[in-house]
Amino acid sequence: MTKKILTFGASSSKKSINKQLATYAANLFKNAKVELLDLNDFEMPIYSMDKEKEDGIPQLAHDFYEKIGESDLIVISFAEHNGAYSSAFKNIFDWMSRINRKTFQEKPVLLLATSPGARGGSSVLEIANKRFPFQGAIVKGSFSLPSFNDNFDAEKGITNEDLKKDLLKIVDSIEY
């Protein structure tokens, strides 16, 4: 039976390395249909209680929330901005939490991060691993890819064999 995987890079960069990693990882799953979201398609006003009171929750927040609800597995790769989520992701996350505090609707989630640096977005990944269970995510695994430019090729994917094996082991362990 084909499962539906929702994936996105938690970044608004048009050339997001996290979108590349998320897409690569999602396509490692067998018998799956992958839907890739671009956060730029969900740009909304910066969340505030005043905006919510005046205008309600934007339709784009409802649309993103529905995409999560329709999926069998969510694969997210986080850009790290000053040690935390990108503002693009955080804003969508904030708006969706007004629909339902359990934003991820008890769906299984694979958390990833990468960066050009040796820590590979590990700070934001640590935040997500701790926070997401409170938001209704069933975290099935997490993986940080350090030094993206040295360890990833757009056509081949992860080029470091040890890192590739580590990710494949996580992917193979996930039941959804």
Next item on the list: Taking each pair of different alpha-carbon atoms in the range 83-176 once, compute 1/r for the pair, average those values, and report the inverse of that mean as the Kirkwood hydrodynamic radius in Å to one decimal.
Entry: 14.4 Å
Margin query: Net charge within 14 Å of Y24 by Cβ-Cβ distance, Lys/Arg positive one each and Asp/Glu negative one each, not counting Y24 itself?
Written below: 0
Notebook entry, point to check: If you find the alpha carbon centre of the range 8-38 and of the range 106-176, how far apart are they in angstrom?
Noted result: 11 Å
Notebook entry, point to check: Percent antiparallel among DSSP beta bridges with both residues in the chain, to the nearest 5?
Noted result: 10 percent
Next item on the list: Using a/c under 1.5 as the rounded threshold, could you call the range 1-71 rounded, prolate or oblate? The axes a ≥ b ≥ c are square roots of the C-alpha gyration tensor eigenvalues, and prolate needs a/b larger than b/c, oblate otherwise.
Entry: oblate
Check: Roughly what would the spin-label model give for N100 and K51, points 7 Å off Cα along C-beta, in nm?
Finding: 2.3 nm
Note to self: Using 0.36 nm times the number of residues separating K30 and E70, minus their current alpha carbon distance, what extension gain do you get?
What the structure shows: 12.6 nm
Checklist line | Distance violations [Cα-Cα > 23 Å] among K14/K164; K30/K130; K14/K90 | finding: K14/K164; K30/K130
Check: In whole percent, what relative contact order does the chain give with Cα contacts below 8 Å and a gap of six or more residues?
Finding: 22 percent
Check: In the range 13-79, which trypsin sites (Lys or Arg not before Pro) are in a loop and have at most 13 other Cβ atoms within 10 Å, using DSSP for the loop call?
Finding: K14, K15, K30
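Bear in mind that the values in this text are calculations on the coordinates, not laboratory data. Treat the numbers as computed from the prediction; the structure is a model and nothing was measured. Neighbour counts are summed over all protein chains in view; Cβ atoms, including those assigned to glycine, are modelled from backbone coordinates with ideal geometry.
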